[in-house]
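Below you'll find the structure, written out as structure tokens, and then a few comments.
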Amino acid sequence: MKLLVTGGAGYIGSHTCVALLEAGHDVTVIDNLCNSSAIALQRVQEITGRSLRFVEGDIRNPEHLADAFEGGVDAVIHFAALKAVGKSCEQPLAYFDNNIGGTIALMQAMEQAGVSRLVFSSSATVYGQPEKVPVREDAPLNATNPYGRTKLVMEQLIQDWCASRPETAAVLLRYFNPVGAHPSGLIGEDPRGEPDNLMPYVAQVAVGRRERLRIYGDDYPTPDGTGVRDYLHVMDLARAHRKAVDYAAAHPGCEAFNLGTGRGYSVLELVQAFEQASGKPIPYEISTRRAGDVAELTAEPALANAKLRWVATHDIHAMCADAWNWQSKNPNGYSRDMSFNTYSR
Ligand code: NAD
Ligand code: WQD
């Protein structure tokens with residue numbers, strides 16, 4: 001299939017491009033590199049031995065999108081978004097504009113190009129503070145911050161759009177906590193500035209870029225008092241997108257799927273697994289709870305298991321080993337001063 005991947009230079013997008021190219025799909029990426037590096041795309045090609053087309057552009061710009069759709073597209077995988085919860089509280093309008101505005105522009109371009117299949121990066125954030133865990137897809141939805149609001153609104157807009165066009169198929173993938181890296185260590189997560197998320201923070205402590213981890217609370221009603229999450233290997237997540245594209249080809253309508261392992265790990269358990277995988281001590285201090293955090297959030301992945309025929313296969317040890325392999329081989333992430341050699345604009 002000819003696939004258009006928005007945000008394909010980013011963390012999850014680049015890993016998904018590997019899975020798509022390895023499955024024999026033709027891939028075009030559109031990305032404005034606002035939170036990524038074109039080097040990731042060079043490395044995707046190095047890993048797969050296949051080339052992809054890169055349009056450096058913004059999905060809110062109709063000309064950039066027209067360029068991306070040139071040559072025909074069978075389905076779109078839509079990663080492009082801003083994703084920092086804290087920043088979204090400081091600059092909600094930037095998040096509304098980029099995420100919601102970008103998604104509307106993308107749907108318009110899809111209509112113009114006659115493309116009717118969409119796989120969308122949603123998030124467990126749409127469950128807000130869930131009443132019970134593991135969470136099922138039919139649990140009540142709620143936003144607790146502007147970033148989460150954009151995911152919720154985008155899900156609803158896509159649903160309405162699908163309802164208006166019976167031939168349209170949309171798959172909403174609600175990721176839990178993606179971590180890890182491609183086993184080659186060539187691509188991985190490279191946050192700008194201080195990481196918000198646990199795994200990249202731990203990895204940067206292990207590699208000596210940060211002194212110690214701050215654990216946000218040890219007084220939660222969990223076995224060791226620290227927060228419990230459903231961590232998911234990014235290569236399992238990448239494979240789920242391949243499955244979702246195939247599913248969309250045969251199932252018009254709009255459906256949401258949780259993507260997680262169904263198994264939760266606490267912050268302390270993850271730290272311990274990372275110490276084992278890396279052989280490095282992870283100094284930490286206990287700090288106060290982070291605003292908006294829940295005690296425990298895990299997925300009920302049965303629907304994705306049954307309908308997408310997808311199961312997460314990597315355990316926490318593989319997640320930590322691959323995160324460490326990436327971080328130790330690229331202590332400073334991607335250097336950002338190289339350009340991609342096949343720009344189309
Ligand atoms: P990322 O920031 O690494 O990737 C997003 C990519 O989109 C970046 O390359 C960025 O440059 C690009 N982008 C952003 N706005 C754009 C625009 N207007 N036009 C073109 N490109 C644009 O983030 P990620 O972790 O790979 O996340 C991918 C998607 O998955 C996002 O939609 C995110 O909200 C969602 N998600 C991520 C997580 C997570 O923990 N990483 C969890 C749940 C959902
Ligand atoms: C995991 C656990 C923290 C950092 C976020 C977004 C969510 C989704 C995934 C996009 C929690 C603890 C963390 C640190 C810590 N993203 N922690 N010290 O909060 O589950 O989810 O990313 O859609 O929307 O909210 O992930 O990795 O930030 O935190 O103790 O320095 O680690 O309190 O218990 P979270 P996280």
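Residues being without any contact (Cβ under 8 Å) to a residue 24 or more places away in the chain, more than 16 Å from ligand 1 (Cβ to nearest atom) and outside any loop (DSSP other than H, G, I, E, B) are represented in the range 256-274 by at least one member. Pairing residues of the range 172-199 that are farther than 14 Å from Lys83 by Cβ and in a helix (DSSP H, G or I) with residues that are open to solvent by 30 Å² or more (accessible area, probe 1.4 Å) and within 11 Å of ligand 2 (Cβ to nearest atom), at Cβ distances under 7 Å and at least 6 apart in sequence or on separate chains, gives no pairs at all. Within the range 303-324, does at least one residue satisfy the condition of being polar (S, T, N, Q), surrounded by 21 or more Cβ atoms within 10 Å (Cβ to Cβ) and touching a residue at least 40 places away in the same chain (Cβ under 8 Å)? Looking through the range 303-324, none of the residues is polar (S, T, N, Q), surrounded by 21 or more Cβ atoms within 10 Å (Cβ to Cβ) and touching a residue at least 40 places away in the same chain (Cβ under 8 Å).
You will find that of Tyr147, Tyr175, the residue that is more than 26 Å from Ser287 (Cα to Cα), among the aromatic types (Phe, Trp, Tyr), within 16 Å of ligand 2 (Cβ to nearest atom) and open to solvent by 10 Å² or more (accessible area, probe 1.4 Å) is Tyr175 and no other. The listed residues are Glu194, Glu155, Glu167, and the only one of them that is open to solvent by less than 10 Å² (accessible area, probe 1.4 Å) and of a type in the set (Asp, Glu) turns out to be Glu155.
Among the residues making up the range 275-292, a single one is within 16 Å of ligand 1 (Cβ to nearest atom) and closer than 14 Å to Tyr201 by Cβ: Arg290. Based on what the data block shows, is Gly253 surrounded by fewer than 21 Cβ atoms within 10 Å (Cβ to Cβ) and touching a strand residue (DSSP E or B) at 6+ places or on another chain (Cβ under 7 Å)? Here the answer is yes, as Gly253 does meet what is asked. All of (1) surrounded by fewer than 17 Cβ atoms within 10 Å (Cβ to Cβ); (2) in contact with a Ser or Thr (Cβ under 6 Å, 6 or more places away or on another chain); (3) at pLDDT 95 or above; (4) not hydrophobic (A, V, I, L, M, F, W, C) hold for Tyr334 with one exception: (1). Where strands (runs of 3 or more DSSP E) fall entirely within the range 1-118, those with at least 2 residues that are open to solvent by 10 Å² or more (accessible area, probe 1.4 Å) and modelled with pLDDT of 95 or more are at 26-31, 53-56. Would you confirm whether or not the range 286-297 contains a residue that is within 13 Å of ligand 2 (Cβ to nearest atom), open to solvent by 60 Å² or more (accessible area, probe 1.4 Å), at pLDDT below 95 and at negative phi? Yes, because at least one residue in the range 286-297 is within 13 Å of ligand 2 (Cβ to nearest atom), open to solvent by 60 Å² or more (accessible area, probe 1.4 Å), at pLDDT below 95 and at negative phi.
Glu211 falls short of the stated requirement of being under 15 Å from the mean Cα position of the chain (by Cα), assigned to a loop (DSSP other than H, G, I, E, B), within 13 Å of ligand 2 (Cβ to nearest atom) and at pLDDT 95 or above. A single member of Ile158, Ile77 is farther than 24 Å from Val294 by Cβ, in contact with a Ser or Thr (Cβ under 9 Å, 6 or more places away or on another chain) and within 12 Å of ligand 1 (Cβ to nearest atom), and it is Ile77. Residues in the range 178-203 that are farther than 15 Å from Ala19 by Cβ and either of a type in the set (A, V, I, L, M, F, W, C) or near ligand 2 (Cβ under 9 Å from one of its atoms) (or both): 11 in all.
Being in contact with a helix residue (DSSP H, G or I) (Cβ under 7 Å, 6 or more places away or on another chain) and closer than 17 Å to Ser14 by Cα is not true of Val126.
The values are calculated or read from the model by the stated rules, or taken from the named source; none is laboratory data. Quick caveat, the model's predicted, so the values are computed rather than measured. Every residue, glycine as well, gets a Cβ built from its backbone with ideal geometry; the counts of neighbours run over all protein chains shown. Ligands, DNA and RNA are excluded from the accessible area calculation, which covers all protein heavy atoms including side chains. Shrake-Rupley method; radii C 1.70, N 1.55, O 1.52, S 1.80 Å.
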